1. Can you find, among Pro201, Gly240, Phe282, the residue farthest towards the positive end of the dipole of region 190-317? Put +1 on the C-beta of Lys and Arg, -1 on that of Asp and Glu.
2. Report the local net charge at Thr227: Lys and Arg +1, Asp and Glu -1, summed over other residues whose C-beta lies under 15 Å from its C-beta.
3. Assign unit charges at the C-beta atoms only (+1 for Lys and Arg, -1 for Asp and Glu), then state the dipole size of region 470-590 relative to its Cα centre in Debye, rounded to the nearest 20.
4. If we count every other residue with Cβ under 14 angstrom of Trp315's Cβ, Lys/Arg +1 and Asp/Glu -1, where does the sum land?
5. Which pairs in the list Lys136/Lys553; Lys108/Lys132; Lys132/Lys553; Lys326/Lys583 are over 30 Å apart, alpha-carbon to alpha-carbon?
6. Count the net charge of all other residues whose Cβ sits under 13 Å from the Cβ of Phe306, scoring Lys and Arg as +1 and Asp and Glu as -1.
7. FRET efficiency for Ala466 and Val290, Cβ-Cβ distance as r, R0 = 51 Å, nearest 0.05?
8. Considering amide H positions built from the backbone, and no H for Pro or chain starts, which residues 5 or more places from Asp161, or on another chain, come under 5 Å of its amide H?
Amino acid sequence: MTDPEKATPQLGPAPAPSALPSKKTDAGPLVTEATVSSTTSGSDEEDLAAVRARILEERELQKSDPPVLPIMTLFRRKGPRPDLDAIATQPSVYDDAEVAKYFQPMPKYENLHRFDPSARWTWGEELPLINKLDWKVTLWAFIAFFALDLDRGNISQANTDNFLEDLGLTTNDFNLGNTVFRLSFLCAELPSQLISKKLGPDRWIPTIMVLWSIVALSQFWLQGRATFLACRALLGMLQGGFIPDVILYLSYFFKGTELPFRLALFWCSLRLTDTLAPIFAFGLLRLRGVLGYEGWRWLFLIEGIFTLFVGVWSWFTMVASPTQTKSWWNKQGWFTEREEVIMVNRILRDDPSKGDMHNRQAVDFKLPWASLKDFDLWPLYLIGMMFLIPAGPPDAYLTLTLRNIGFNTFDANLLSIPTNVIGAFTMLTLTYFSEVWNTRVWLAIFGQIWLLPNVIALLALPDKVAAWAKFAVLTVLLSYPSAHAMHVGWCSRNSNTVRTRTVSAALYNMFVQVGGIIHSNIYRADDRPHYRRGNRVLLGMNVANIVIYLLTKAYYIWRNKQKEKKWTALSKDEQLRYMETTKDSGSKRLDFRFAH
């Protein structure tokens, strides 16, 4: 086998593009003569050698799927070995010299020294590199999100240990605490995202993780309603920017088609947390009486200390970019020069807009307003606000509901585990097929249809229903395939620029928090224990979500047809002139199409 470090791999008889005659152009690095000739007006001006070179290169750059998804290698059946020597480099704007000059990375782009449009590599090189990224980046994100959800969600386990009664709080106080947390979380999202873009996620994320862990462990000393609300507000402020910051960080390493499944793994850590947290609580809550303190106090303290260690560890684990992995404690870095070339060029070939900013560049404060005015992303923001509402209150009140229908503290915690295990599997499956089938709306509607009969069952169940029957309904309902990770990838893809993507991720998550504030106040104290009125609201929201998804798909189909009509009406020269002179950016560009 040819050494990829020394020679470019070939497909059959086709010569490697790097071996073709080349010349310097304004497009940046070397561009092949074949790609230049492909833009000339009329084949009569092309000599035979140029035509042959162009055809060979076009054959070599036909878009191909990986022979096996890296993350699925553990499940691949034995059989013929896939052709890992096949070319993996995907076609892009950089293969056309006349077009490429409009997509050059900015001079301060941190990975510019590894940018090379002529670079080619095989699947045998790319797939192991993606695996390495998953171990170093995706795994960190998984553990960090586990820490986030452990500190923001352990109040659910505390509730089973008479937390409200010990502090003299009511159900409405609990709702107010959730509202304060979500409102603080919402308000912190965009400022945190802007700070992260200026300082870099690798600096900002560990900082806020350490700070919120200190607040979380300080809940050991809660004294009443005021301190409870103050801690919920501080936790929300410090945790608010974490999710969009991590999404931005992951986008530095993964292509748009790879990001949704990584985000699904990211959100699976939430399910894992909700699975393991009751087991932790099963032991920690038994510390009630130790040194005269309640069990829930020890729960907050010990889990807060754990997440503090995760925050400190993140300082040494996160890196600034694919080409900035060396440090005083890791002088060798993560990647070889060849791996850095592959990473940078595979990312830019997939999305050239990622070279528009460097990773320590602040976003203009005018951009949030400009992003809010981008009406094409508003359907996704509306979906973010609405889609979780039908399952939100049953999820938030699960342990309390289980206590109210007769289960004890420890059984209520353990019985919350099945929904999280099944829910993690269904979410991963939904997100995986959204990319395999390149569809989003129909799969998201499937999730809402899953919820519908279960919400109806909650509404119709008699008051005297057996505890296990209600538990079964709640388990099936909360095991629904969440479209959250798919939505985030969808929003990122439809943003089309780093600047817009940075803000839209925060705005989307802010709308999710608005939805959280809404569903935190649907189950009220005067409606307990069966929450008939609240469940009628959930049913209405469930049906409304299906309609919203259908309208969103119709809207994006219509917008794509509008863009296509205007774009095809332009001649080749007019299209090139548009790309050179247009002030349109992001999703406003005529050559961009919305995913749906």
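Bear in mind that the values in this text are calculations on the coordinates, not laboratory data. Given the structure is predicted, the values throughout are model-derived calculations rather than measurements. Here the Cβ is made from the backbone with ideal geometry for all residues, glycine too, and neighbour counts use every protein chain on show.
1. Final value for the positive-end residue is Gly240.
2. For residues surrounding Thr227, the net value is 0.
3. Details: 20 positive and 7 negative charges, 31 e Å.
Using only the charged Cβ atoms, the result is roughly 140 debye.
4. Values: positive: Arg203; negative: Asp202.
Overall, the nearby charge balance is 0.
5. On the way: Lys136/Lys553 36 Å; Lys108/Lys132 27 Å; Lys132/Lys553 36 Å; Lys326/Lys583 38 Å.
In this structure, Lys136/Lys553; Lys132/Lys553; Lys326/Lys583 lie more than 30 Å apart at Cα.
6. On the way: positive: none; negative: Asp149, Asp151, Glu303.
Once positives and negatives cancel, what remains is -3.
7. Rounded to the nearest 0.05, the efficiency is 0.90.
8. Long-range HN contacts for Asp161: none found.
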